[in-house]
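Have a look at the structure below, then the notes.
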Amino acid sequence: MRKNVVSSLLFALLTSFSVASLAAVESTAPESAVTHAKAVATAPATDRVNLNTADPDTLEKGLVGIGGVKARAIVDYREAHGPFTSVDELLEVKGIGTATLEKNRDRLTLD
């Protein structure tokens, strides 16, 4: 009986330690990922991107959350509808939402 008690206590101790370790790792990992994402999204724009003259490569490199497909969609929209008259007109491009526009508003220009 003594062996069963010791085994049960040892099992409970090891289980508690494992659960506590996993909880500590999980609670810090997402926080650091969120912090990194916020830093990227709010990084100051060093070079502004001109919506009316930028090619897809420039759009992809200069804007947050814009990959090759969305960059090409921006250029296609501009070619089909003429130059952008407002940065807010970017919302008319398929795949560009309010969050993406707001992340990039300070990076965009029409001049």
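The values are calculated or read from the model by the stated rules, or taken from the named source; none is laboratory data. Computed from a predicted structure; not experimentally measured. Cβ sites come from the backbone with ideal geometry, for glycine too, and all protein chains shown count toward neighbours. Note: areas computed on protein heavy atoms with side chains; ligands, DNA, RNA excluded. Shrake-Rupley method; radii C 1.70, N 1.55, O 1.52, S 1.80 Å.
Worth a mention:
- Answer residue from segment 66-99, given it is out of contact with any Leu (no Cβ under 8 Å at 6 or more places or on another chain) and β-branched (Val, Ile, Thr) and is most open to solvent (accessible area, probe 1.4 Å) among those: 69
- Evaluating residue 102 against the criteria (1) at pLDDT 95 or above; (2) open to solvent by less than 80 Å² (accessible area, probe 1.4 Å) leaves one unmet condition, (2).
- Residue 47 being acidic (Asp, Glu), in a helix (DSSP H, G or I) and under 22 Å from the mean Cα position of the chain (by Cα): no
- Residue pairs meeting the criteria (Cβ under 9 Å; at least 6 apart or on separate chains; first in a loop (DSSP other than H, G, I, E, B), in segment 70-87; second surrounded by 15 or more Cβ atoms within 10 Å (Cβ to Cβ) and basic (Lys, Arg)): 84/78
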